[in-house]
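Everything below concerns the one structure shown next.
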Amino acid sequence: MDDERAAATLGALAHGTRLAILRLLVRAGPVGMAAGQLTETLALSPSLGSFHLAALAEAGVLTRRREARHVVYAVDFPALGGLLGHLVQDCCAGAPEIVACCGEARC
């Protein structure tokens, strides 16, 4: 990932509702969650939920798939990990007492 892509992705995440969506979907894991269930859980109108979900999918941190009549969203964990890895790739100047903050994201 380059800085331009990272900045665009972070820009999409720079909203409280989008962060709440991302955190909820992280907890849901790779199975994801139907858009209707997600908007209901977060008390969002369907149109507002769709707006934010589309922004996160466009930013590349969510995937979407159709299951019957539902659209299911899930975190694209490799993409999210790539963003985190990019942010911390030069973390801590190798200082062992603080390198642990980054864990495996440094790899």
field: Residue in segment 13-34 that is of a type in the set (Gly, Ala, Ser) and in contact with a helix residue (DSSP H, G or I) (Cβ under 6 Å, 6 or more places away or on another chain) present
entry: no
query: Is it the case that segment 39-48 has a residue that's among the β-branched types (Val, Ile, Thr) and either modelled with pLDDT of 95 or more or exposed (fewer than 11 other Cβ atoms within 10 Å of the Cβ) (or both)?
result: yes
- prompt: Do we find a residue being crowded, with 16+ Cβ neighbours inside 10 Å, within 20 Å of Ala12 (Cβ to Cβ) and at pLDDT below 85 anywhere in segment 100-107?
  reply: yes
- line: Reported set for segment 39-97 where residues are free of Cβ contacts under 8 Å to residues at least 40 places away in the same chain, of a type in the set (Asp, Glu) and under 20 Å from Gly16 (Cβ atoms) is Glu40
- request: Would you list the helices (runs of 4 or more DSSP H) that sit entirely within segment 1-72 and hold 2 or more residues that are among the β-branched types (Val, Ile, Thr)?
  value: 16-28, 35-41
field: Condition met for Gly81 (on the phi > 0 side of the Ramachandran plot and not β-branched (Val, Ile, Thr))
entry: no
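The values are calculated or read from the model by the stated rules, or taken from the named source; none is laboratory data. In this text, all values refer to a predicted model and were calculated from it rather than measured experimentally. Heads up, the Cβs are rebuilt from the backbone with ideal geometry, glycines too, and the neighbour counts pull from every protein chain shown.
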